[in-house]
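Nothing in this text is a laboratory measurement; each read-out follows from the coordinates by a stated rule. Everything numeric in this text was worked out from a predicted model, so none of it was measured. Don't worry about glycine lacking a Cβ; one is built from the backbone with ideal geometry, like all the others, and counts go over all protein chains shown.
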């Protein structure tokens, strides 16, 4: 007789693994690679998780998840604005849109249509305050 929270946790873990496999398979299809089997994906993931004991893997995880200390004088918003823009392999980079628009509630950041939503067209287009300056010239809402 398992407690309900164990069943809930294992169900959420299973859902996360299935979603990770779906994203991994889509990534391989986009890169013209043969899609992996679910069991092979789980074996690889398990091997990677068990390799966390190595000092190199631990240092990488520690660096990626290390939280910066904040004080009242340096809130999170200032730290994120000073961060370097995200770069992708094919030269794209994301930057926060500096343009503002007057609205009923004061100044708001101008939003641009999301290129990813436009590419896959699964749902109506969404809008975001981040954009790639090279790809988005003149693409304002």
Quick note on 45, 8, ordering by fewest other C-beta atoms within 10 Å, gives 8, 45
For residue 17 and residue 53, calculate 0.36 nm times their separation in residues minus their Cα-Cα distance, and state this gained length in nm to one decimal. 10.8 nm
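Mean 1/r over all different Cα pairs, inverted: what Kirkwood radius does the range 4-65 give, in Å?
In the range 4-65 this quantity evaluates to 13.6 Å.
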